[in-house]
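The values are calculated or read from the model by the stated rules, or taken from the named source; none is laboratory data. In this text the structure is predicted, and so the values were computed from the model without any measurement. Virtual Cβ from ideal backbone geometry, glycine too; neighbours counted across all protein chains shown.
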Amino acid sequence: MPHESISVFDIFKIGIGPSSSHTLGPWKAAQRFLHSVETERTLSDIISLQVLLYGSLAKTGKGHGTDIAVQLGLGGEDPVTFDVNSIDARIAEIRLGKKLVLAHAHEIAFDPQVDIRFLVNESLPYHPNALTFLASFTNGEKIAATYYSIGGGFVKREGEVIKGAAEVVLPFPVNTAGDLLHWCRKTGLPIHEVVMENEQAWRPEKDTIEGILKIWQVMKECIVRGCYTPGALPGGLEVKRRAPGLTKKLLGDQHYSDYESWAAAIRAGGNDFGYILDWVSCFALAVNEENAAFGRVVTAPTNGAAGVIPAVLQYYAIFAGGDTDEKIVAFLLTASEIGSIFKKGATISAAMGGCQAEIGVSSAMAAAALTESLGGTQRQAMMAAEIAMEHHLGMTCDPIAGLVQVPCIERNTMGAIKAITACQLALQGMPDFAKVSLDKVVNTMWETAKDMNFKYKETSEGGLAIEVPLGMKEC
């Protein structure tokens with residue numbers, strides 16, 4: 001099997017909501033398209049540009065902000081640093097002026113209502129998330145470049161061959177859970193140390209640590225912001241944010257100057273089961289409410305599932321002694337390897353596999369990371385990942401109105417709780433007696449994905465998406 005080298009920073013990406021495949025991916029595709037033009041031609045020679053959206057990008061792209069992402073990407077903005085508070089103003093400027101400045105350098109006439117086309121009845125064979133850029137140049141030349149957003153913010157250009165091992169050679173190449181267990185046994189290293197050894201093929205260890213802690217910082221900021229930002233989410237469903245109300249119920253009207261004092265106040269509330277359960281749910285709600293509002297989140301491994309890992313990691317940091325940089329880094333390294341195994345052996349794209357590919361994978365990642373962090377063996381960590389995914393198998397992706405809100409936000413709370421439960425089962429269990437291996441559940445998830453009806457794969461054409469029409473009030 002050809003080896004695909006995937007870094008922790010491929011699995012965890014800083015970006016803007018609400019979707020890694022429908023927002024971040026198209027944004028990056030637009031960036032790549034501009035780069036290809038600048039490399040092969042002259043950007044200033046473009047006289048017109050159209051964007052064609054196919055398949056799932058067309059069917060749920062409006063709710064997922066695909067058109068917004070494409071415009072910002074073509075405008076040269078970076079999803080890691082762009083001010084999320086400026087999105088509405090920038091998009092309004094393009095819409096009203098019917099002008100787009102490509103890469104901050106070259107202005108062309110561009111009407112989003114005309115030049116971004118949602119081809120809801122057309123799909124391309126390679127992947128449901130496809131978009132094509134059509135550009136015309138001053139010399140009469142016309143080009144078409146097609147990109148696929150294949151899940152988790154990963155983008156592939158049509159005809160592109162993944163370089164894999166030819167690009168970077170890892171000391172411990174891993175495609176499957178069996179490979180990972182082999183290296184753990186051979187070296188005696190825990191999962192996170194095997195991953196760190198591989199990361200050094202890309203960069204020095206200190207840079208990896210610094211980057212992971214930046215990921216954690218963005219996660220923390222997202223949680224806190226979500227816990228204190230009230231109001232309704234955009235898009236027309238009028239879904240009310242719940243994390244702020246839950247935060248106030250749990251902490252009252254106390255105010256905090258920094259994250260540390262806030263975390264200390266949460267910890268001081270005790271270890272009652274219901275109290276901790278409420279906080280885990282609150283953390284997950286906070287992240288995915290921010291995600292739904294075009295906030296800055298970390299793809300983990302997708303935006304739709306961005307709340308699971310931060311919620312479990314915050315639980316670990318506040319309630320289970322995981323509040324050191326070393327422990328945070330180890331947790332995220334382990335989680336990333338489990339995510340990469342699912343990406344290689346199945347999919348992390350809801351448009352390919354339903355929500356099992358998003359919430360299910362994120363729950364498996366969190367379960368394995370928490371298990372190893374709490375002293376579990378490598379086999380127990382993999383057992384926890386298997387348990388978490390086993391109980392997400394077959395989960396459909398049926399977002400109401402194509403918005404990453406219902407049922408997506410609550411599903412993150414369920415994924416987080418399942419991850420913690422899977423961890424506890426694995427820590428109290430014996431892998432020797434497990435009937436299902438992690439590799440078997442990865443294979444099963446992929447076979448289930450292939451069998452799943454297309455209408456349950458992020459099309460908003462089945463399930464809750466048709467049972468609860470846009471505008472229906474919440475119960």
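Quick one: would you say residue 141 is out of contact with any Cys (no Cβ under 9 Å at 6 or more places or on another chain) and modelled with pLDDT under 95? Answer is no for this residue. Among the conditions (1) buried (at least 17 other Cβ atoms within 10 Å of the Cβ); (2) out of contact with any helix residue (DSSP H, G or I) (no Cβ under 9 Å at 6 or more places or on another chain), the only one that residue 456 does not satisfy is (2).
Is it true that residue 205 is crowded, with 16+ Cβ neighbours inside 10 Å, of a type in the set (Asp, Glu) and at pLDDT 95 or above?
Against the criterion (crowded, with 16+ Cβ neighbours inside 10 Å, of a type in the set (Asp, Glu) and at pLDDT 95 or above), residue 205 does not qualify.
Whether any residue in the stretch 433-440 is in contact with a helix residue (DSSP H, G or I) (Cβ under 8 Å, 6 or more places away or on another chain), closer than 13 Å to residue 354 by Cβ, among the acidic types (Asp, Glu) and assigned by TED's automatic domain parsing to the domain that holds residue 307 is what I want to check. No, because not a single residue in the stretch 433-440 is in contact with a helix residue (DSSP H, G or I) (Cβ under 8 Å, 6 or more places away or on another chain), closer than 13 Å to residue 354 by Cβ, among the acidic types (Asp, Glu) and assigned by TED's automatic domain parsing to the domain that holds residue 307. Candidates are the residues of the stretch 200-232 that are out of contact with any strand residue (DSSP E or B) (no Cβ under 8 Å at 6 or more places or on another chain) and not in a helix (DSSP H, G or I); the one that is farthest from residue 265 (Cα to Cα) is 201. Look at the stretch 355-366: where a residue is within 16 Å of residue 298 (Cβ to Cβ) and a partner is among the polar types (S, T, N, Q) and part of a helix (DSSP H, G or I), sitting 6+ places away or on another chain with Cβ atoms under 7 Å, you get 359/412.
Please work out which residue is surrounded by the most Cβ atoms within 10 Å (Cβ to Cβ), limiting yourself to the stretch 237-291 and to residues that are of a type in the set (S, T, N, Q) and touching a Phe, Trp or Tyr at 6+ places or on another chain (Cβ under 8 Å).
Within the stretch 237-291, the first condition is being of a type in the set (S, T, N, Q), and the residues that meet it are 247, 254, 257, 261, 271, 281, 288, 291.
Subset that is touching a Phe, Trp or Tyr at 6+ places or on another chain (Cβ under 8 Å): 247, 271.
Numbers: 247: 25, 271: 9.
Checked the stretch 237-291; the qualifying residue surrounded by the most Cβ atoms within 10 Å (Cβ to Cβ) is 247.
On the stretch given as the stretch 97-127, residues that are over 26 Å from residue 45 (Cβ atoms) and not polar (S, T, N, Q) total 8.
For the subset of the stretch 39-71 comprising residues that are basic (Lys, Arg) and farther than 16 Å from residue 91 by Cα, which member is surrounded by the fewest Cβ atoms within 10 Å (Cβ to Cβ)?
Narrowing the stretch 39-71 to residues basic (Lys, Arg): 41, 59, 62.
Cutting the leftovers down to farther than 16 Å from residue 91 by Cα gives us 41, 59.
Numbers: 41: 15, 59: 27.
Here the answer is 41.
Selection of the stretch 239-269 for residues being without any contact (Cβ under 8 Å) to a residue 24 or more places away in the chain and assigned to a loop (DSSP other than H, G, I, E, B) yields 252, 253, 254, 255, 256, 257, 258, 269.
Please determine whether any residue of the stretch 401-417 is closer than 20 Å to residue 176 by Cβ and either part of a helix (DSSP H, G or I) or within 17 Å of the chain's Cα centre (by Cα) (or both).
Here is the first cut: in the stretch 401-417, the residues closer than 20 Å to residue 176 by Cβ are none.
The answer is no; no qualifying residue exists.
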